[in-house]
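K.L.:
I'd like to ask you about the structure that follows.
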Amino acid sequence: MSELFPGMNPNVRLSHLDSDEKTIVEFLAKDWYITNGGANFKLNHKSSYSYFLMKPTRDFKEMFNIEREIAVIFSPYTDFEPRSLDAIEYVYSAFSDLRLETVCCVLISRDKNIQQRVSSLLKGDPESRVVIPFSYDDYFYASNSYFVKNRFRNFFFERDLFAFESPITKDFFFFGRSKLIQKLINRHKSKENSGLFGLRKTGKTSVVNGVHRALKVEGIPSVVIDCQDTAFNQKRWFKALLFLMKEIKKQNNVQSQLEPEEKYNEEQASESFEKDIKRVYKKLGQKPVLFIFDEIENISPGTSPNHFWKTELDFVLFWQTIRSKFQKFLREEKTSVFTFLIVGTNPKALETPRIQSTDNPIFNKVPFEFIQGFNLDQTTEMVSKLGGYMGLEFDEIVYSKLNEDFGGHPYLIRHVCSIANEKATSNRPVKIDKIKYQEAKKLFGERYGHYFDMILQVLIEFYPEEYDMLTYLALDDIDSFMDLANLSTELIAHLKGYGVIDENDGSFFFKIESIKQYLISKNQYQAKLKSPEKRWKEISERRNKLESELRQVVRMQLQSHFGKSDAFQKVIDVFGDPRKSQSRGKEYSELFDPIKTEIYFSDLSKLINKYYQEASFNNIFGTNKSETIACLEVINKYRTDAHAKNIDSSEMEFFRVHISKIEKLVNEFM
């Protein structure tokens, strides 16, 4: 494609603009190419706006990663009002997403404080477009056009477009899931139900939002039920059906009378639901409704916070009603009045044949899939596009490393890139090479390890076998991994479905390397160690670390309860001669410094034993003194000078049990 130079398309007409606005367009034509003169438009009888379109020339393309046309909106009011942002949406709705640069736009206002007002308004909305604000006066008093580029730089580069915590609700920040969304929509159109599952923060709710938006554009009704909402999950199954009907009406703006609320009881709820959904279906022009149930675990057996759903039959009765009506309408109406999409972490609710000795109505009745991580092309598209807007140029190898280290997990990838942006210089554009990436990755692990806990928490709480399998695989304990795998083929299918592990010729491996490293770090002292050397290495590391911490605990407790002078005497009394006489004249703190004083693990154990109540060691280690001292004696037994003795696996486990108890108590205290 030939290079685009500044100027104006000869077909552009500006007759709808006033003289000031024409002057501004001509000013911008010195650096941009004006493609479309736009038009005037009104949002209501009081507010009138105008717009035009311009395309970036080489400098702006390279600096801000802008390729398509940008909408420029004139707001002729001296006091900026939030409705001006509605004017932006109005213009974008008139053009194809393929034509306009959807992430950014320009707003030119007669309000002289437009910069501060736009910044303040959009500060709390991380998903807002990047709005570049100018006042009319900016152009009238400018000696050159550099201020335009500088304003773009300020408003592009100050935003961290990677830092999203909540599910994405707007298409212009949505990447990599278009085909999945269309697939789910096509299943609805084909009168088929669906399921979508995946670990936390993999983008399930963003997909739900995407399906909802896409259906709305097509004029197809849908309803999203957030099963986390206590307004839903704390209801009995028959009242949940009424809640569903009310939400269908509300979310699709349907004016239709529902059956009286008292008819939504255990005996009549099924019949009432059938009558109501038929009425609403007709009001919607006989267009089938897609029911979307997000976070299904909240109304599932074993995982719901409500005991009626968790341990009784509300799940069964709810889905018996939904499923039976779905089949009845297909049979009698020869079409679907509705279909449903079930979204959650784990498909166990669809794979369990019986619940409380009753057949599960949706067992093997709902085809489902797992949401997959981004492939390399999708990762590259997201990172390069968002990074480009922020002045970050990523080396090609970084895209591959991101995908390999984080398995295409979009949430993790964005947050590593957010750190890379945080650490990059303010002089943009800047190159993010392999070294800068490794620094960001290391900092991410140190600063945001809790993200992995958050992602895996649902497995820890509700699907512990799957979490244990991941831990065994990370620790290379293949025997234990396969023992669980052989119990149920579904466990392996789930872990592979999550995109965390994969299989090659019977061997399993992690696809998300960062989760493997996190599990190793968190469970480093649970691995089965096959050689005595490795066992002694762990014993030494843990014993030495604990001894250092115990020295601090004993020093603080004795000083706190007896004062330095008395505490000093009590410590050297335990030492006995010759260490007692050698310690006189030292500072109290020096008694606990192994470089300055010969102090042993056994000394600490004796001091804890002797002053267990007086120095309040019982508040740290618990009231069972004999158990605490027994643990300390076991730990002391495995000293460095005992290395000559071989240690078998049973002794190793014995040591681990006892030191883990003391480590936990000391860590909680410190």
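Please treat every number below as a calculation from the coordinates, not as lab data. Note that the coordinates shown come from a computational prediction; the quantities given were computed from them, not determined experimentally. Positions of Cβ are backbone-derived with ideal geometry, glycine not excepted, and every protein chain shown enters the neighbour counts.
K.L.:
Find the Rg to Rh ratio for segment 532-669, where Rh is the Kirkwood radius over alpha-carbon pairs and Rg uses the same atoms.
P.N.:
0.98
K.L.:
Mind listing the Cα extents of segment 312-435 along all three principal axes, in Å, largest one first?
P.N.:
66, 33, 21
K.L.:
What Rg and what Dmax come out for segment 376-448 when only alpha-carbon atoms are used, in angstroms?
P.N.:
Values for segment 376-448 (Cα only, Rg and Dmax): 10.9, 31 Å.
K.L.:
Note down the nm distance, to one decimal, between modelled labels 7 Å out along Cα→Cβ at M556 and at F41.
P.N.:
According to this spin-label approximation, the distance is 6.4 nm.
K.L.:
Could you tell me whether segment 215-291 comes out rounded, prolate or oblate from its Cα gyration tensor? Rule is a ≥ b ≥ c as square roots of the eigenvalues, rounded for a/c under 1.5, then prolate if a/b exceeds b/c, otherwise oblate.
P.N.:
On the way: a/c = 2.42, a/b = 1.32, b/c = 1.83.
Note, shape of segment 215-291 comes out oblate.
K.L.:
For labels at E461 and S548 in the simple 7 Å Cα→Cβ model, what's the distance in nm?
P.N.:
Spacing of the two 7 Å Cα→Cβ label points: 3.6 nm.
K.L.:
Angle between the Cα long axis of helix 464-474 and the longest principal axis of the chain, 0 to 90 degrees, nearest 10?
P.N.:
Between the helix axis and the principal axis of the chain, the angle is about 80 degrees.
K.L.:
Of the peptides 388-395, 51-58, how do they stack up when ordered by the mean number of other Cβ atoms within 10 Å, highest first? Kindly include the intermediate steps, with their values, before the conclusion.
P.N.:
Working: 388-395: 20.1, 51-58: 21.8.
The most tightly packed comes first, giving 51-58, 388-395.
K.L.:
Any of K183/K511; K204/K275; K401/K423 with alpha carbons more than 21 Å apart? Name them for me.
P.N.:
Values: K183/K511 25 Å; K204/K275 32 Å; K401/K423 18 Å.
Violating the 21 Å Cα-Cα cut-off are K183/K511; K204/K275.
K.L.:
Restricting to Cα pairs below 8 Å that are 6+ residues apart, what does the relative contact order work out to for the chain? Please round to a whole percent. Mind showing how you got there, number by number?
P.N.:
Values: 914 pairs, mean separation 60.2, N = 670.
RCO, the chain: 9 percent.
K.L.:
Moving to a separate point now. Relative contact order of segment 226-346, please, whole-number percent, based on alpha carbon pairs below 8 angstrom and at least 6 residues apart. Each step should come with its number before you reach the end.
P.N.:
Details: 149 pairs, mean separation 35.4, N = 121.
That works out to 29 percent.
K.L.:
Report, for the chain, the % of DSSP beta bridges that are antiparallel, rounded to 5.
P.N.:
Looking only at bridges with both residues in the chain, the antiparallel portion is about 35 percent.
K.L.:
Can you sort Y77, Y139 so the residue with the fewest Cβ neighbours within 10 Å comes first?
P.N.:
On the way: Y77 15, Y139 20.
Least crowded to most crowded, the residues run Y77, Y139.
K.L.:
How do V337, V634, V574 line up, fewest other C-beta atoms within 10 Å first? Don't skip to the end; give the middle numbers.
P.N.:
Numbers: V337 23, V634 17, V574 20.
Final ranking by Cβ density, sparse to dense: V634, V574, V337.
K.L.:
Could you list T489, T202, T380 in order of exposure, starting from the residue whose Cβ has the fewest other Cβ atoms within 10 Å?
P.N.:
On the way: T489 9, T202 26, T380 18.
Ascending Cβ contact count within 10 Å gives the list T489, T380, T202.
K.L.:
Still on this model: When a/c reaches 1.5 or more, the comparison of a/b and b/c decides; with that in mind, is segment 7-157 rounded, prolate or oblate per its Cα gyration tensor? Could you put the intermediate results ahead of the total?
P.N.:
Values: a/c = 1.17, a/b = 1.07, b/c = 1.10.
Rounded.
K.L.:
Of the listed peptides 233-239, 579-585, 259-265, 83-89, what is their order by residue-averaged count of other C-beta atoms within 10 Å, with the highest listed first? Spell out each step's value before the answer.
P.N.:
Details: 233-239: 19.6, 579-585: 12.4, 259-265: 14.3, 83-89: 17.9.
In descending order of packing, they fall as 233-239, 83-89, 259-265, 579-585.
K.L.:
Cα gyration tensor of segment 438-538, axes a ≥ b ≥ c as square roots of the eigenvalues: rounded (a/c below 1.5), prolate (a/b > b/c) or oblate?
P.N.:
Working: a/c = 1.66, a/b = 1.08, b/c = 1.53.
Oblate, since a/c reaches 1.5 and b/c is not below a/b.
K.L.:
Kindly provide log₁₀ I(q)/I(0) values, in the same order as q = 0.07, 0.09, 0.12 Å⁻¹, from the Debye equation applied to equal alpha-carbon scatterers of the chain.
P.N.:
-0.70, -0.98, -1.25
K.L.:
How big, in percent, is the set of alpha carbon pairs in segment 178-370 lying more than 30 Å apart?
P.N.:
The share of Cα pairs beyond 30 Å in segment 178-370 comes to 12 percent.
K.L.:
Ok, one more. Can you give the log10 of the normalised intensity I(q)/I(0) at q = 0.24, 0.27, 0.30 Å⁻¹, computed with Debye over equal Cα scatterers of segment 470-522?
P.N.:
-0.96, -1.19, -1.36
K.L.:
Another question, then. With axes computed from alpha carbons, what is the tilt in degrees of helix 434-447 against the longest principal axis of the chain, rounded to the nearest 10 within 0 to 90?
P.N.:
60 degrees
K.L.:
Too long at a 18 Å Cα-Cα cut-off: which of K283/K328; K249/K310; K522/K661; K61/K123? All intermediate terms of the calculation are to be shown ahead of the outcome.
P.N.:
Details: K283/K328 20 Å; K249/K310 28 Å; K522/K661 16 Å; K61/K123 26 Å.
Flagged as over cut-off: K283/K328; K249/K310; K61/K123.
K.L.:
For helix 489-498, what angle does its Cα long axis make with the longest principal axis of the chain, in degrees from 0 to 90 and rounded to 10?
P.N.:
So the helix axis and the longest Cα principal axis differ by about 60 degrees.
K.L.:
From Cα pairs below 8 angstrom and at least 6 apart in sequence, can you work out the relative contact order of segment 7-157, rounded to a whole percent? Could you put the intermediate results ahead of the total?
P.N.:
On the way: 229 pairs, mean separation 28.1, N = 151.
Reported relative contact order: 19 percent.
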